[in-house]
Every structure is written in C-alpha cells, then in structure tokens.
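Note sheet for the following structure.
The values are calculated or read from the model by the stated rules, or taken from the named source; none is laboratory data. Computed from a prediction, not measured in an experiment: that's the story for all the values here. So basically every Cβ, Gly included, is an ideal-geometry build from the backbone, and we count neighbours across all protein chains shown. All accessible areas refer to the heavy atoms of the entire protein, side chains included, with ligands and DNA or RNA removed. Shrake-Rupley method; radii C 1.70, N 1.55, O 1.52, S 1.80 Å.
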Amino acid sequence: MSTLTVWKFRTAEGAEDVEEALKSFQKEGLIRILDAAVVSWPADRAKPRTKQLLNLVGAGALSGTFWGMLFGLIFLMPLLGAAIGAAAGALGGKLADVGIDDDFIAEIKEKVTPGTSALFLLTRDEVPGRIGAELPGGGAELLHSNLDTEREARLREIFGDDTTA
C-alpha cells in the first residue's frame with residue numbers, strides 16, 4: 001500500500017532540513033520513497049516556495065505536474081480566476097477518487113501557514129509513527145491519506161504517469 005503523508009513543521013526551514021535523514025532512512029530500509037516534495041513558507045512571504053526532492057526518488061516518481069496541481073489547489077486557490085477555479089474543482093474531484101479529499105486539502109490549508117513548512121511524501125509500506133520519531137528538528141505533525149494499489153494507479157493515470165514503482 002502507498003501512503004501520501006504530509007509532515008508539518010513549526011518553522012519555514014524544518015521540512016528542508018530532513019532531506020539527509022530521509023536518505024538515511026531509505027538506506028536503512030525504514031522507508032521506500034516513491035516521490036517527495038517540500039513546501040517552505042517564510043513568515044515574510046505572501047506565498048510558499050515549493051520544491052520536488054528528485055534526488056530521493058527513482059523511476060516511480062510522479063511528474064512535477066502532480067505536485068504543481070496539488071500545491072496550486074491547496075495554496076493558490078483564492079488567487080485563481082473562475083475558469084481556472086472550475087478546472088481545479090474538476091481536479092479536486094479526481095483527487096477525491098484517489099483518497100485526497102476536500103477534508104485533507106482543507107486541513108493542509110489550515111495548518112501549513114506563513115512561518116511553517118511541510119514535507120509531502122509518497123511512500124510504500126511506511127510506518128509513519130516510526131519515521132516521525134526519527135525526523136530531525138522536532139515538532140513534526142503528521143497528516144496523511146492512505147492510497148491502496150488501485151488508488152495509486154488511478155493517481156498515476158490522472159497525471160499521465162503509468163510507471164509502476
């Protein structure tokens with residue numbers, strides 16, 4: 001089973017500071033990362049910065065389109081026009097089909113705010129509690145949505161990625 005987890009950090013740098021720890025977790029077999037991205041939101045900025053962590057993932061990574069659309073839906077929705085909003089609404093419906101529902105998106109919107117950061121991980125066979133205890137920086141809060149094999153395949157179909165991990 002795949003899991004999309006979101007780890008919220010109390011500082012704008014917290015999520016970026018865990019990249020080395022994630023590499024170590026992979027080498028130790030504690031986690032299998034299919035894809036990863038970071039959202040950093042300095043307190044003095046109107047919008048967050050986003051970055052896909054390509055050096056952590058292999059051929060099974062989703063395209064940057066997935067992260068761009070998800071982050072746009074979460075963080076930029078109030079800035080979108082009506083036509084783009086309608087398209088985002090359709091995308092939101094497709095994401096709900098794979099277990100990324102409005103409640104999950106609303107929770108991330110509410111909790112990832114200026115002065116904080118978040119690590120988005122798509123993993124296979126992860127034990128979130130064990131990983132959370134090992135993340136550096138302390139204070140990481142887990143938000144997650146499980147994806148069974150069928151939902152992961154649907155997610156890859158939506159974003160034009162038929163690569164299997």
* **Failed criterion for R49 (all others in (1) free of Cβ contacts under 8 Å to residues at least 12 places away in the same chain; (2) within 24 Å of R124 (Cβ to Cβ); (3) among the charged types (D, E, K, R) hold)** => (2)
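Which of the residues that make up region 26-42 are under 17 Å from L54 (Cβ atoms) and not polar (S, T, N, Q)?
Passing the criteria: I31, R32, I33, L34, D35, A36, A37, V38, V39.
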* **Residue satisfying all of: in region 23-34; in contact (Cβ under 8 Å) with a residue 60 or more places away in the chain and outside any loop (DSSP other than H, G, I, E, B); surrounded by the fewest Cβ atoms within 10 Å (Cβ to Cβ) among these** => R32
* Go through region 35-55 and give me each residue that's aliphatic (A, V, I, L, M) and open to solvent by less than 10 Å² (accessible area, probe 1.4 Å). => A36, A37, V38, V39, L53
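So that you can scan it fast, the table gives a plain yes or no per residue for (1) over 13 Å from the mean Cα position of the chain (by Cα); (2) at pLDDT 85 or above; (3) among the aliphatic types (A, V, I, L, M); (4) within 24 Å of T11 (Cβ to Cβ):
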site: S24; (1), (2), (3), (4): yes, yes, no, yes
site: R32; (1), (2), (3), (4): yes, no, no, no
site: A46; (1), (2), (3), (4): yes, yes, yes, yes
site: L56; (1), (2), (3), (4): yes, no, yes, yes
site: L62; (1), (2), (3), (4): no, no, yes, no
site: T65; (1), (2), (3), (4): no, no, no, no
site: L70; (1), (2), (3), (4): no, no, yes, yes
site: I74; (1), (2), (3), (4): no, no, yes, yes
site: L91; (1), (2), (3), (4): yes, no, yes, no
